[in-house]
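Peer 1: Once you've had a glance at the structure underneath, I'll fire off some questions.
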Amino acid sequence: MKRYIGLAFTIYVVWALLFMLEKPVFLVLYLHSLEALGPVVRHGAILDFAMAGYLSVLPFLALVIKPYVSDHAHRWFLRVYFAVASLAVALSFVANLALYGYWQFPLDATPLFYFLSSPADALASAPWYVEAGALLIIVFLAAVICLLFRAVYKTFSDSPDYTATHSTEIKNCQPMTLRKKIATSVVLFFLTAFLFLPIRGGVTVSTNNTGKVYFSDIQSLNHAAVNPFFSFMESIQRQKDFGKQYRFMDDQQAAQTVTAFHQQLLSATKNRGESGTSSSTEQQAQNNIVPVILHESHPDIYLIIMESFSDTVTKMPGVTPHLNRLRREGLYFANFYANSFRTDRGLLSILMGVPSPATVSLMKYPEKTSKMSSIATCLAKAGYERHYYYGGDADFTNMRSFLINQGFQHIVEDRDFPVGDRLSKWGVCDHLLFQRVETDLKKSHRTGGQVRGVHPTFTVIQTSSSHEPFDVPYHHLKDPALNAFAYADKSIGDFVDYLQRDKARWERSLIILVPDHLGAWPSHPDDFQPWRFHVPMIWTGGALNEKVLSEYFGTPHVVPDYGSQQDIAATLLGQIGEKSHNMPLSKDILDPDVPHYAWFMMHDGEGLATSNGCVIYDNQRKKTVYIAPKTSKDWGELATEMCKAYVQRLFDYIAKL
C-alpha cells in the first residue's frame with residue numbers, strides 16, 4: 001500500500017513542479033529578470049496545484065482499481081494517458097510563450113477558435129520555420145515529460161509490494177489478499193477525493209480563477225503567475241461568441257433604431273421646455289448648460305457601493321434614517337436604476353460605465369476588462385490616488401484582476417483584518433470596514449486642516465453585511481433582512497459623520513452612495529417589474545455647491561432625469577472636467593443635451609425607463625412583458641425595438657473588445 005500511495009503523491013508533486021518551472025522561463029523571456037520569481041511562484045502556486053489536481057485524477061483512479069486489473073492493462077493505460085497529458089501541457093506552455101508577445105494576456109481559447117474556424121489563416125501570421133521550431137519544441141517537451149513519468153512509474157512498480165497484485169513469480173512475494181486489496185482501494189479513493197481541495201482552491205466562498213493569482217501593478221507579473229493550461233481550460237468552459245448572441249435585426253437597422261429613440265427623447269425634452277412644463281434641468285436644455293455642482297475642482301471622492309439596497313427599503317419606517325437624512329441634505333437622483341442583478345455585474349456598470357449584461361459576467365474576462373476605460377483609469381490621469389475597500393474575498397468572481405486592471409493601488413480585503421474580525425459569511429462586517437477606512441485616513445497625508453500632499457483620492461468602499469444570510473452585530477428590528485439594512489445604514493451614517501467632523505476634509509469631500517444591483521427586499525419579487533431596479537443614488541459632501549444645487553434642482557435637491565449605474569462614470573467625470581470618450585455607453589445625467597433613460601437587464605430580459613414610460617422585453621418569451629400605464633402605442637413599440645437593438649449593440653461592443 002505504501003508504494004501505491006507514494007506513486008500517487010509523486011505524480012501530483014511532479015505535475016505541480018512542472019507547472020512552477022514554466023514561470024522562470026516566462027520571466028526571462030518577457031521581463032529579462034528573475035527578480036520577481038519568488039512572488040510569481042508563490043502567488044501562482046494555487047493554480048499550479050489546481051492543474052496538478054486535475055491531471056492527477058485519472059492516474060489516482062487507475063491506482064484505485066489497480067488491485068483488480070492486470071499489470072499489462074494498467075501500464076498501457078497510464079502510458080497513453082501520460083503521453084496525451086504531456087502533449088497537452090507542452091502545447092499550452094509553448095503556445096502561451098509564443099502568443100503572449102502579441103496578445104499580452106495569458107493563453108485562452110482564442111487560438112483554438114481561430115484554428116478550428118480557419119487553420120490556414122491561424123497559421124498564416126508566422127513563417128514556416130517558426131512554426132516548425134515551435135512544433136519541435138512541443139514534441140521534445142512532451143517526450144521529456146512523458147519519459148519523466150515513465151521513470152516515476154518504473155521506480156515504484158519495480159518492487160514486490162507494488163507488483164504482487166497478481167504475480168507470484170517474484171521470490172518471497174505473496175499475492176495481495178482480498179482484504180488488503182479493498183483497504184488499498186479505499187485509501188486511494190479518499191486520496192483521489194482529497195484532490196477536490198486543490199482543484200477548487202480550498203473551502204472558501206471563492207473558487208479558483210485566473211484573477212486569484214493577480215498581485216502586482218505590473219500586468220506582466222500577474223500574467224507570469226497565471227497557469228496557462230488553467231487559463232485555457234477556464235476560457236473553454238466559459239467561451240461564448242458574443243457577436244452572435246441577441247441578433248434581433250441587422251446592424252444598420254439596430255443603429256437606426258437607437259438614433260430614432262434618442263431623437264424622440266430629445267425632441268420630447270425640448271417640447272416640454274418650450275411649453276413651460278419641463279423640469280429645472282430640462283429648462284437648461286434651451287441653453288445647453290451643464291450645471292457645475294462642485295466648488296472643488298478635484299475633490300476627494302468616496303464612492304460607497306451599498307449591498308442590495310433598493311428604493312423600496314428606504315421607504316420602510318425606521319430602517320434607513322441616515323440615508324434618508326443624506327438624501328434630504330444632498331443631491332438625490334429620483335429616477336435612477338440598477339443595470340443588473342448581481343454584484344459582479346453592477347461593479348462593472350458603476351466603475352466602467354458599461355451596462356453589464358445579466359447573462360454573462362464580464363468581470364470573469366480580464367482580457368476584455370483590461371481593454372476598457374474606467375473611472376479609476378481616468379482619475380489616475382488627473383493625479384488621483386485610488387483605493388478599494390471590501391470586507392470579503394477579493395478573489396471572488398475574478399474581482400482582484402478586475403480591480404488591478406483598473407489601476408487601483410491599494411486593495412483592502414478580508415485577509416487584511418484580524419481573524420477575529422472575519423466572523424460573518426461574507427467576511428468583515430460593515431462597521432469594521434468603515435473603521436479601517438477611518439484609520440487609513442488618519443494616517444494619510446491629507447489630514448486635519450493642512451493639505452500635505454498634492455494628490456486627491458478616489459476611495460471605493462463596497463459593503464457586504466446587507467447580503468444574505470443577514471448575520472450582523474446589530475439587533476434592533478425583528479425582520480433579519482431589514483435589521484441588516486438598518487445596520488448597514490448606521491455604518492454608513494457613522495462614516496459620513498466622521499468625515500463631517502473634520503471641516504477641512506469635509507469641504508473637499510464628495511460622497512456618492514449607490515447600491516451594487518437591484519434590491520434584495522422584499523424577497524422573491526418578480527424581476528420583470530421596473531420597481532425592482534429602481535435604486536437610490538445620493539451625492540453629498542462639502543464639495544457640493546449649495547447655491548448651484550438650489551438654483552438648478554430646488555430644495556430639497558432632486559434630479560428628475562432618468563439614468564442607470566452605467567451613467568455614473570460620465571456624470572462624475574464631467575463634473576471634474578475629465579473626458580469619458582472611451583466610455584461610449586455612459587451618459588452624463590446632468591447634461592441636458594443628451595437623451596436621458598435608464599437601461600437594465602434581468603435574466604435574459606431587458607428594460608427601458610424614461611419620462612415617457614417604461615417597457616420590459618423577455619428574450620425567452622420573445623415578447624414585451626411589461627408596459628407602463630398610459631404609454632402611447634407608438635412609443636411603446638419604439639421602446640421595445642430599442643430594448644432589442646440596445647442589447648444587440650451591447651454584445652457587439654463586448655465582442656470587439
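The values are calculated or read from the model by the stated rules, or taken from the named source; none is laboratory data. These numbers were taken from a predicted model, which means no experiment stands behind them. FYI the Cβ positions are ideal-geometry reconstructions off the backbone, even for glycines, and counts take in every protein chain you see. Side chains are part of the model used for accessible areas, which takes the heavy atoms of the whole protein and leaves out ligands, DNA and RNA. Shrake-Rupley method; radii C 1.70, N 1.55, O 1.52, S 1.80 Å.
Peer 1: Could you give the length gained on full extension between ALA73 and LYS381, defined as 0.36 nm per residue of separation minus the Cα-Cα distance, in nm?
Peer 2: 104.5 nm
Peer 1: Mind checking which aspartates and glutamates have their C-alpha under 16 Å from LYS381, skipping anything on the same chain fewer than 8 residues away?
Peer 2: Hits, sequence-local ones excluded: ASP217, ASP300, GLU578.
Peer 1: Distance in nm between label sites at PHE196 and ASP251, each 7 Å beyond Cα in the beta-carbon direction?
Peer 2: 4.8 nm
Peer 1: Now a separate question. Using label points projected 7 Å from each Cα along Cα→Cβ, tell me how many nm separate SER550 and GLN409, to one decimal.
Peer 2: According to this spin-label approximation, the distance is 3.8 nm.
Peer 1: Something else: Report the paramagnetic label zone for LYS425: residues of region 368-403 whose backbone N is under 15 Å from a point 7 Å from Cα along the Cα-to-Cβ axis.
Peer 2: Only 392-393 pass the distance filter.
Peer 1: Mind listing which trypsin sites (Lys or Arg not before Pro) in region 181-271 are in a DSSP loop and have 14 or fewer other Cβ atoms within 10 Å?
Peer 2: Counting only loop positions with at most 14 other Cβ atoms within 10 Å, the trypsin sites (Lys or Arg not before Pro) in region 181-271 are LYS240, ARG247.
Peer 1: Next question, about the same structure. Compute the FRET efficiency between ILE289 and ASP494 as 1/(1 + (r/R0)^6), taking r as their Cβ-Cβ distance and R0 = 41 Å, and round to the nearest 0.05.
Peer 2: Plugging the Cβ-Cβ distance into 1/(1 + (r/R0)^6) gives 0.65.
Peer 1: Here is a follow-up. Multiply the residue separation of LYS579 and GLU438 by 0.36 nm, subtract the distance between their alpha-carbon atoms, and state the gained length in nm to one decimal.
Peer 2: Result: 47.7 nm gained on full extension.
Peer 1: Per q in 0.13, 0.17, 0.23 1/Å, what log10 I(q)/I(0) does a Debye calculation on the alpha-carbon atoms of region 559-653 return?
Peer 2: -0.48, -0.78, -1.19
Peer 1: OK, next. Measure out, as a whole number of angstrom, how far apart the alpha-carbon centroids of region 504-550 and region 461-502 sit.
Peer 2: Between the Cα centre of region 504-550 and that of region 461-502, the gap is 15 Å.
Peer 1: Roughly speaking, what is the stretch gain from HIS32 to LYS656, that is 0.36 nm per residue apart minus the C-alpha to C-alpha distance, in nm to one decimal?
Peer 2: Stretched fully, the HIS32-LYS656 segment lengthens by 221.4 nm.
Peer 1: Can you compute the modelled spin-label distance between LEU58 and GLU329, with each label point 7 Å from Cα toward Cβ, in nm?
Peer 2: Simple spin-label model gives 6.4 nm for this pair.
Peer 1: Before anything else, pin down the relative contact order of region 529-641: Cα pairs under 8 Å, at least 6 apart, normalised by residue count, whole percent.
Peer 2: 18 percent.
Peer 1: Still on this model: Can you tell me the order of 85-97, 289-301, 329-341 when each peptide is scored by its average per-residue count of other Cβ atoms within 10 angstrom, highest first?
Peer 2: 329-341, 85-97, 289-301
Peer 1: Whose amide H sits under 5 Å from the amide H of LEU303, counting only residues 5 or more places off or on another chain, with H placed in the peptide plane?
Peer 2: Excluding prolines and chain starts, which carry no amide H, the hits are THR459, VAL460, ILE461, ILE512.
Peer 1: Would you mind telling me the share, in percent, of accessible area of the chain contributed by carbon and sulfur at probe 1.4 angstrom?
Peer 2: Of the solvent-accessible surface of the chain, carbon and sulfur hold 59 percent.
Peer 1: While we're on this one: Within region 67-84, what residues put their amide N at less than 16 Å from the label point 7 Å along the Cα-to-Cβ vector of ILE182?
Peer 2: Residues 67-68 fall inside that zone.
Peer 1: Using amide H atoms built in the peptide plane, which far-off residues or other-chain residues are under 5 Å from ASN619 H to H?
Peer 2: GLY605, GLU606
Peer 1: Below 8 Å between Cα atoms, with a sequence gap of 6+, how large is the relative contact order for the chain in percent?
Peer 2: 18 percent.
Peer 1: Now for a separate question. In debye, nearest 20: dipole of region 458-602 around its Cα centre with unit charges on the Cβ of K, R (+) and D, E (-)?
Peer 2: Taking the Cα centre of region 458-602 as origin, the dipole is about 320 debye.
Peer 1: For region 57-73, just list the computed ³J(HN,Hα) in residue order, Karplus coefficients 6.51, -1.76 and 1.60, θ = phi - 60°, integers in Hz, with x standing in for Gly and Pro.
Peer 2: With coefficients 6.51, -1.76 and 1.60, one gets 4, 5, x, 5, 5, 4, 6, 4, 8, 3, x, 10, 10, 6, 4, 4, 5 Hz.
Peer 1: As a quick test, which of the pairs LYS364/LYS587; LYS212/LYS623; LYS623/LYS656; LYS244/LYS623 have an alpha carbon distance above 31 angstrom in this structure?
Peer 2: With Cα atoms farther than 31 Å apart: LYS212/LYS623.
Peer 1: Next question. Would you please give the FRET efficiency between TRP531 and VAL130, computed as 1/(1 + (r/R0)^6) with r the Cβ-Cβ distance and R0 = 56 Å, to the nearest 0.05?
Peer 2: Once the sixth-power term is evaluated, E becomes 0.40.
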